[in-house]
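One structure below.
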Amino acid sequence: MVLAAAFGVGPVMTAFSYSALIPTFCLSLLGGVNGPFHSAIASALSKSAAEKGRNAEREQQELLAVVSALVALASIAAAMLVFLFARHIIDLLAPGLSLPPPGGFITDSSSASASAVTRHIAISQLQQMAPCIALAPLIGIGFGTLSARGEFAIPSLSPSLSSLSVLAGISSYFALCRWSPLASPQREMIGWEVAAEIRSAPSSQPLAAAATPAAAAQTAQQQQPPPTPPAPPAPASSPPVDSTRSEASQEPPAASWLPLDALFARHRERLHEIFAVLLPATVASGMLQIATFTDLFFASFLPGTAAALGYANLLVMAPLGILSSALLVPLLPLFARLAHPKDRALLKDSLRRGLVMTMAVTLPMTAVMLPLARPIVRVVFQRRSFDASATTLVSSLLSCYLLGSPCYLVRDVLVRLFYSLSDGATPFLISTFAIAANAVLDFLFVHCWAFGPQGLVLATAAVNSASAVVLLWLAHRRMGGLPLSLWWPSFSILLQAAAATAATATATHALLSAALTAASHSLCFHPRWVWFLDAAAVGTAAGAGFLVFCALVVAMRLPEAMPLWARVKSLLQKYGIVKVRTIP
């Protein structure tokens, strides 16, 4: 909301959309929850704990020391290269900002000048955010370590530091400049007005300057000492320990006293297992981010599209990020512990519950947000620089993103199933073909079929859906057959409940909007009160939709929902809200 009001879809946000591509790719993918580093480390450590028993803690520390050292060297080198070649990277990611193609979408001189300003800002912002690339893999390793220990609170809450850091940077910027973007209602293009000032003072760019402290805070938050296991009681008949024996004869030397090559040789097999999953997983898990690269490549020829894609993607990924943290973080260690062939039946059941719970949280969100896309964007973003035309563009992109959101999380669940089976090649191949298909569809939708910005999002949604279907079919073959016919009744209940949810949200908001319009004309509400009433209408419609969804899945007796309903009902009975009826 703050960014939209401050910069709208002007050059500052457009430049940030391109400059943040690589740092955000590293932070959300390599260093993010459920990213490849998180997945590979959590899977390897979980297996090590199951196989090594009491010696697992020492092996895990040595393994983490080697992986962290290798990854830190590579990430620091990558950060330096990005800083030095920032100009060339921006020209590669956004060719439409440097030289508009003949016959392209940018034809007038004002657009060309605005593109040059946007390009200059993007280069400066990318150089400021380069240190995030060095910190991102270490954050992912920390997430994986905490997840393997069963600590899920810090991995789930740590990404909020990024948002808080950006808000702090924005506030500091406006406080230092003694200028508020919300003070003048006539500044409908604030982003264009402050572009020259931001270009001349790169240190005052709050969006880029706040990224590195956020990454450093996440890294520091994870540096916690591992829990010390209790020492086993010594047997009564055990002989006394000879104090003259050297420590080397009692236990292997600690990881901190061994050179890196010795640790590498000791854990060569486990390191090979980690990197065999890690490298393909980087491409497989980053399909959405890499697809964003191709989307923004073509969006650079459509002025204002990059910023609009960022706002729409934020509205979808904010709830999806919370849901993925709650659902996917516990699933990977569970899948890894059940990867042995003798536990195949339990693994299939865990996969079924994971898929059903994923659909149970994404379908109602999609069913509520899809019919309310325009009022949601209007309530959240529309003010000052973000005008009605921006609301129209962003709401249409939001609707397209929502169409593919359920398959996005389903694909992530299936990818983590293959990781737990030490198979990173299959998701890698599927993602490689998906990225190529996304680039082809982007070109066709934008340049051949004139779908505009919406075509970029539809291409991504179609590719994600196709990838989820292919991965499910491959998992069916890999695991000796999945009882999909037995799973279908649960998915059918969820789809029917989602349809009723969408209808309820649409009807409720239509009635409330009609009443609000009549009341505003007759009572002449202040514009601020109109915003509060509009937000209340959206919230009420969404709440009504979610209530209908919950009521239907309980009424149709969804198996996965009944234990939760039994717990809720027991709480209601405990506090006397409902009474227990005894049936004779």
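The values are calculated or read from the model by the stated rules, or taken from the named source; none is laboratory data. Note that this is a predicted model, so its numbers are computed, not measured. Quick reminder, even Gly has a Cβ in these numbers, built from the backbone with ideal geometry, and neighbours come from all protein chains shown. The area values use the complete protein model at the heavy-atom level, side chains included, leaving out ligands, DNA and RNA. Shrake-Rupley method; radii C 1.70, N 1.55, O 1.52, S 1.80 Å.
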Ordering Glu560, Glu62 by accessible area with a probe of 1.4 Å, largest first, what comes out? Glu560, Glu62
For Asp349, tell me the accessible area in Å² from a 1.4 Å probe, rounded to the nearest 10. 60 Å²
Solvent-accessible area of Tyr401, probe 1.4 Å, all protein chains present, reported in Å² to the nearest ten, please. 40 Å²
Contour minus end-to-end for Asp343 and Ser570, with contour as 0.36 nm per residue of separation and end-to-end as the Cα-Cα distance? 78.4 nm
Highest first, please rank the peptides 130-143, 430-443, 293-306 by the mean number of other Cβ atoms sitting within 10 Å of their residues. 130-143, 293-306, 430-443
From the phi of every residue in the range 471-485, what ³J(HN,Hα) in whole Hz does the Karplus formula 6.51 cos²θ - 1.76 cosθ + 1.60 yield, where θ is phi - 60° and glycine or proline is x? 5, 5, 5, 5, 5, 4, 6, 5, 9, x, x, 9, x, 5, 5
Solvent accessible area, Å² - Arg374, 1.4 Å probe, full protein context: 100 Å²
Give me the distance between the Cα centres of the range 289-360 and the range 403-464, rounded to whole Å. 12 Å
Just to check I understand the Karplus step: with θ = phi - 60° and J = 6.51 cos²θ - 1.76 cosθ + 1.60, what whole-Hz values come out for the range 364-381, glycine and proline as x? x, 4, 5, 5, 7, 6, 5, x, 9, 4, 5, x, 5, 5, 5, 6, 6, 10
If you find the alpha carbon centre of the range 65-92 and of the range 474-490, how far apart are they in angstrom? 42 Å
Projected label distance in nm at Ala536 and Ala514, using a 7 Å step from Cα toward the beta-carbon: 1.9 nm
Per residue, what accessible area does the range 306-461 have, given a 1.4 Å probe and all protein chains present, in Å²? 34 Å²
Of Asp91, Asp534, which has the most accessible area with a 1.4 Å probe, and how do the rest follow in descending order? Asp91, Asp534
Roughly speaking, what is the stretch gain from His447 to Thr392, that is 0.36 nm per residue apart minus the C-alpha to C-alpha distance, in nm to one decimal? 17.6 nm
Fully extended, how many nm does the chain gain between Ala318 and Ser485 (0.36 nm per residue separation, minus their Cα-Cα distance)? 56.8 nm
